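Here's the structure we're looking at; comments come further down.
The values are calculated or read from the model by the stated rules, or taken from the named source; none is laboratory data. Fair warning: this is a prediction, and the values are worked out from it, not measured in the lab. Note that we place each Cβ from the backbone using ideal geometry, even for glycine, and neighbour counts take in every protein chain shown.
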């Protein structure tokens with residue numbers, strides 16, 4: 001019974017999908033059951049996608065689909081057909097210049113082990129793309145789906161604020177000391 | 001306290017060396033490593049806490065498409081399948097018996113990860129259930145079932161000769177005693193006594209355990225792993241497979257967090273055995289759910305009493321600590337020893353008697369967790385300091401200051417005297433909290449401290465290569481686990497060699513290339529590896545000077561040393577110029593090396609005392625029992641911060657981890673079964689738990705044995721948080737909770753049960769009796 005049911009939902013068939021990956025056209029044959037994280041890591045070599053909780057809790061596998069953050073650990077690759085996917089590898093510009101958020105994470109010491117960092121930066125990008133003037137409270141609320149076990153979050157908050165200021169064309173704020 | 005900056009590179013917050021790699025996704029972790037012909041392993045785990053394995057039938061699993069082979073305990077006769085650095089009690093797969101729910105029973109090795117996973121359900125295992133022992137009390141009962149019931153031999157560590165063996169459920173017993181405790185309690189003016197419980201914790205390193213092993217046809221075993229201690233892993237692998245050390249190579253790339261949970265050997269022997277079985281490279285990637293079933297912290301029940309004389313001076317402490325160590329010893333014998341040492345705290349005690357037992361149960365094995373026993377015992381110690389202060393009518397900070405050991409004073413007979421200014425640290429944290437002004441209703445404050453004999457055993461070897469083009473390679477066996485050690489070690493090399501930081505590169509942990517370093521843990525890296533790199537640079541410079549004597553035909557006494565060079569008369573020769581002229585060859589390099597051992601300035605242990613000083617102000621929602629953090633202050637008494645921004649970041653990270661233990665985190669067993677072993681059910685601190693105000697203070701008195709007077713940090717700020725929260729809750733409400741975490745439910749219940757009125761009637765707790773804040777509060 002179980003095996004029959006298994007055949008019902010998956011008969012070994014592969015599906016061809018096309019999508020835009022980090023600004024370039026991509027075409028892949030996938031199994032319908034494969035997650036976006038599996039496909040990006042194993043098939044596309046984009047190991048900046050980090051897998052941790054695999055249950056949509058930690059945010060380490062966050063990538064952007066049509067500019068919005070998704071947990072690629074539980075998001076079927078099939079869902080990205082004809083859509084735009086951005087991973088951490090696609091954030092620096094064509095000349096290799098870091099995105100303001102990437103630079104801000106370095107400037108503010110906003111990571112230690114770095115395992116949450118790609119997801120953290122991409123979630124921050126989605127926020128700032130939507131609202132470069134996000135307040136501290138808005139940043140905290142928006143980012144609460146991304147876990148970090150090393151830093152205690154303050155430096156990440158500072159980094160997102162620094163990048164926000166830069167994207168708005170304002171002078172960078174100082175990163176040291178307490179939360180105001 | 002502040003250091004007029006005499007340094008060119010160290011003591012500056014230079015950007016992290018791993019920055020670009022980590023923000024662009026190009027940093028390689030073990031989970032990102034794929035080898036040619038690599039197969040995948042997946043594990044079948046025990047559904048029972050204690051059972052005999054009667055039979056395993058893997059024939060159907062072996063027939064599944066893509067399955068290469070199945071490994072089980074009965075295949076391990078040709079190797080030494082029990083490992084463990086303290087005691088070799090841990091089979092790499094269950095042999096004849098399982099000892100906890102989740103213990104690996106068989107490994108499927110297949111062409112793909114999914115194929116291996118799918119074949120697991122085709123394995124048939126027949127068990128005969130045995131009575132499990134699941135908690136400490138039933139485990140210690142007479143005639144309790146034995147978790148092991150067989151004898152084992154010691155592992156790589158010396159010092160565990162007193163291991164009681166498997167004939168009892170006591171894995172390790174440590175006794176610490178001095179003075180006359182019974183007489184002191186009999187004569188004491190006041191005594192407080194209580195029982196405290198510190199929960200089982202899952203460290204949640206975001207990268208779960210992972211290893212890639214290749215046991216090749218030449219008999220060379222190469223293992224890439226997320227291990228904190230590559231050389232300890234190499235030792236265990238050499239023993240399991242009976243290989244010489246030169247045939248085992250352990251490589252550790254970037255590690256996605258550890259916090260103690262990746263110390264010592266974990267899945268490496270099993271992964272290597274899979275590779276040995278199928279003669280191909282094999283990758284074993286655990287999920288986080290499986291990591292929950294691999295290592296946790298020892299939970300601790302602490303029965304403790306403390307006495308003061310009529311002057312409010314501490315006179316005696318007695319404690320019985322029961323650590324629930326789970327099914328295998330792992331590093332719990334060391335946790336046991338450290339908890340017994342650290343429960344004294346940074347205080348003067350003339351009379352002490354401590355008994356600490358690490359006890360086997362049929363639960364997930366416990367091992368190191370950030371702080372190594374200190375978090376477990378600082379909660380009772382510092383809770384009881386406040387209880388005693390209130391009992392004798394003294395303000396808690398005043399009571400602490402009266403009893404704290406000052407720099408140079410001994411707190412432990414035979415150990416290194418305190419090498420930190422703990423009273424000054426406490427005052428600093430207190431000042432920060434007082435700046436908040438009058439204490440508002442439902443707010444509470446507390447400053448607590450801890451002292452840990454840190455650094456572990458000092459055996460650290462390092463080398464630097466000085467190249468003739470002026471660049472330098474630092475070869476270090478310390479693992480970059482996020483703490484920033486690579487950056488710090490490169491800063492030290494740049495400082496010593498007189499070159500810009502950009503000219504330094506670091507070659508990281510690879511046992512075939514880098515020299516022996518015992519471990520990366522116990523906050524030791526800056527102190528020990530930092531000092532080794534400094535000494536290795538100085539040795540390379542000494543070689544350069546000897547070469548210059550020959551080149552210039554002049555004694556070194558005539559040289560004037562400058563930054564990165566010597567001057568002799570009008571001639572200035574930099575280190576790389578000397579090397580090139582000496583060898584008459586471009587592209588040449590020399591090696592400077594340092595071998596640190598327990599001798600000279602490192603003779604006295606601990607290598608340093610790691611002090612944790614933390615202050616909190618909490619806000620309580622009395623309706624729900626929810627505690628939030630208003631203010632957090634950490635004080636890092638680190639001697640000299642090689643990279644101040646990274647040091648502060650470590651302190652905040654440790655404190656935040658402590659906040660998790662204090663408020664949310666606890667592994668819960670229901671019978672044999674771990675009930676909340678997933679991140680859906682295990683709550684760790686989030687962005688929204690950020691304190692309103694955060695102050696990260698560094699105290700830099702250059703009083704350590706590390707380079708330039710540095711000492712380690714990164715664990716201390718975790719230890720006091722539980723007691724800080726409990727003491728602040730007491731100040732806010734008069735309710736005393738002796739069990740962590742302080743969940744809303746637990747706090748709410750305590751509020752309902754509290755008998756004492758709010759502490760308006762109590763002696764003035766933290767906040768100070770002479771401050772406007774305290775007066776308003778009273």
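So is residue B:670 without any contact (Cβ under 8 Å) to a residue 40 or more places away in the chain and more than 13 Å from chain A (Cβ to nearest Cβ) or not? So residue B:670 passes the test.
Annotation for the stretch B:302-310: at least one member residue is under 26 Å from residue B:660 (Cβ atoms), at pLDDT 95 or above and crowded, with 24+ Cβ neighbours inside 10 Å.
Being more than 9 Å from chain B (Cβ to nearest Cβ), free of Cβ contacts under 8 Å to residues at least 60 places away in the same chain and more than 30 Å from residue B:680 (Cβ to Cβ): is that true of residue A:43 here? No; evaluated as a whole, the condition is false for this residue.
Being in contact with a strand residue (DSSP E or B) (Cβ under 7 Å, 6 or more places away or on another chain) and assigned to a helix (DSSP H, G or I) narrows it down to one of A:70, A:85, A:39, so name that one.
A:39
Being surrounded by 20 or more Cβ atoms within 10 Å (Cβ to Cβ), within 13 Å of chain B (Cβ to nearest Cβ) and assigned to a strand (DSSP E or B) narrows it down to one residue among A:57, A:63; which is it? Let's see the steps before the verdict.
Numbers: A:57 fails: assigned to a strand (DSSP E or B).
Among A:57, A:63, only A:63 is surrounded by 20 or more Cβ atoms within 10 Å (Cβ to Cβ), within 13 Å of chain B (Cβ to nearest Cβ) and assigned to a strand (DSSP E or B).
Quick check on my filter: what residues within the stretch B:525-573 are buried (at least 17 other Cβ atoms within 10 Å of the Cβ), part of a strand (DSSP E or B) and in contact (Cβ under 8 Å) with a residue 60 or more places away in the chain? Hit for the stretch B:525-573 is B:565, nothing else. Among the candidates B:323, B:284, B:357, B:372, the residue that is outside the structural domain of residue B:684 (by TED's automatic domain parsing) and not in a helix (DSSP H, G or I) is uniquely B:284.
Scan the stretch B:41-52 for residues that are assigned to a strand (DSSP E or B) and surrounded by fewer than 22 Cβ atoms within 10 Å (Cβ to Cβ) and jot them down.
Start the filter on the stretch B:41-52 by keeping residues that are assigned to a strand (DSSP E or B), which leaves B:41-45, B:51-52.
Listed by number, the residues that qualify are B:45, B:52.
Is it fair to say residue B:625 is over 29 Å from residue B:516 (Cβ atoms), assigned by TED's automatic domain parsing to the domain that holds residue B:752 and surrounded by fewer than 24 Cβ atoms within 10 Å (Cβ to Cβ)? Judged against the criteria, residue B:625 is a match. Select, from B:437, B:424, the only residue that is in contact with a helix residue (DSSP H, G or I) (Cβ under 7 Å, 6 or more places away or on another chain) and either under 30 Å from residue B:593 (Cα atoms) or in contact (Cβ under 8 Å) with a residue 40 or more places away in the chain (or both). None of the other options fit; the residue is B:437.
When residue B:436 is tested against (1) closer than 14 Å to residue B:615 by Cβ; (2) surrounded by 24 or more Cβ atoms within 10 Å (Cβ to Cβ), just one condition goes unmet, and that condition is (2). Looking at B:410, B:478, just one residue is free of Cβ contacts under 8 Å to residues at least 40 places away in the same chain and either surrounded by fewer than 21 Cβ atoms within 10 Å (Cβ to Cβ) or not in a strand (DSSP E or B) (or both), and that residue is B:410. Taken together, the criteria exclude residue B:661 from residues that are within 14 Å of chain A (Cβ to nearest Cβ), farther than 30 Å from residue B:601 by Cβ, part of a loop (DSSP other than H, G, I, E, B) and in contact (Cβ under 8 Å) with a residue 40 or more places away in the chain.
With the requirement that a residue be under 24 Å from residue B:649 (Cα atoms), in contact with a strand residue (DSSP E or B) (Cβ under 8 Å, 6 or more places away or on another chain) and in a helix (DSSP H, G or I), what does the stretch B:493-508 give you? Within the stretch B:493-508, B:493, B:494 meet the criteria. Yes or no: the stretch A:81-91 includes at least one residue that is under 30 Å from residue B:682 (Cα atoms), buried (at least 22 other Cβ atoms within 10 Å of the Cβ) and within 12 Å of chain B (Cβ to nearest Cβ). Yes. Restricting attention to the stretch A:9-25, the residues that are in a strand (DSSP E or B) and at pLDDT 95 or above add up to 8. Note on the stretch A:70-80: among residues that are crowded, with 19+ Cβ neighbours inside 10 Å and in contact (Cβ under 8 Å) with a residue 60 or more places away in the chain, the one that is farthest from the other protein chains (Cβ to nearest Cβ) is A:80.
Taken over the stretch A:108-122, residues that are more than 7 Å from chain B (Cβ to nearest Cβ) and either surrounded by fewer than 24 Cβ atoms within 10 Å (Cβ to Cβ) or part of a loop (DSSP other than H, G, I, E, B) (or both) amount to 2.
Among the residues making up the stretch A:92-103, those that are within 9 Å of chain B (Cβ to nearest Cβ) and assigned to a helix (DSSP H, G or I) are A:101, A:102, A:103.
Only one of the numbered conditions (1) in a loop (DSSP other than H, G, I, E, B); (2) within 14 Å of another protein chain (Cβ to nearest Cβ) is not met by residue B:647, and that is (1).
Within the stretch A:89-100, can one find any residue that is on the phi < 0 side of the Ramachandran plot and touching a strand residue (DSSP E or B) at 6+ places or on another chain (Cβ under 8 Å)? Looking for residues that are on the phi < 0 side of the Ramachandran plot and touching a strand residue (DSSP E or B) at 6+ places or on another chain (Cβ under 8 Å), one finds at least one in the stretch A:89-100, hence yes. A single entry from B:611, B:618 fulfils the requirement of being part of a strand (DSSP E or B), in contact with a helix residue (DSSP H, G or I) (Cβ under 9 Å, 6 or more places away or on another chain) and under 18 Å from residue B:453 (Cβ atoms): B:611. Scan the stretch B:481-507 for residues that are under 17 Å from residue B:254 (Cβ atoms), away from chain A (no Cβ under 14 Å) and crowded, with 22+ Cβ neighbours inside 10 Å and the total you get is 3.
Among the residues here, residue B:767 qualifies as crowded, with 21+ Cβ neighbours inside 10 Å, at pLDDT below 95 and not in a strand (DSSP E or B).
Condition test on residue A:134, is it in contact with a helix residue (DSSP H, G or I) (Cβ under 7 Å, 6 or more places away or on another chain), away from every other protein chain (no Cβ under 12 Å) and either crowded, with 24+ Cβ neighbours inside 10 Å or in a loop (DSSP other than H, G, I, E, B) (or both)? So that I can check it myself, show each step before the final result.
On the way: in contact with a helix residue (DSSP H, G or I) (Cβ under 7 Å, 6 or more places away or on another chain): yes; away from every other protein chain (no Cβ under 12 Å): yes; either crowded, with 24+ Cβ neighbours inside 10 Å or in a loop (DSSP other than H, G, I, E, B) (or both): yes.
For residue A:134, the condition - in contact with a helix residue (DSSP H, G or I) (Cβ under 7 Å, 6 or more places away or on another chain), away from every other protein chain (no Cβ under 12 Å) and either crowded, with 24+ Cβ neighbours inside 10 Å or in a loop (DSSP other than H, G, I, E, B) (or both) - is met.
Tell me, yes or no, whether the stretch B:643-652 has at least one residue that is more than 19 Å from residue A:150 (Cα to Cα) and under 24 Å from the mean Cα position of the chain (by Cα). No: the stretch B:643-652 contains no residue that is more than 19 Å from residue A:150 (Cα to Cα) and under 24 Å from the mean Cα position of the chain (by Cα).
Can you confirm whether the stretch B:630-638 contains a residue that is crowded, with 24+ Cβ neighbours inside 10 Å, at pLDDT 95 or above and in a helix (DSSP H, G or I)? So far as the stretch B:630-638 goes, no, none of its residues is crowded, with 24+ Cβ neighbours inside 10 Å, at pLDDT 95 or above and in a helix (DSSP H, G or I).
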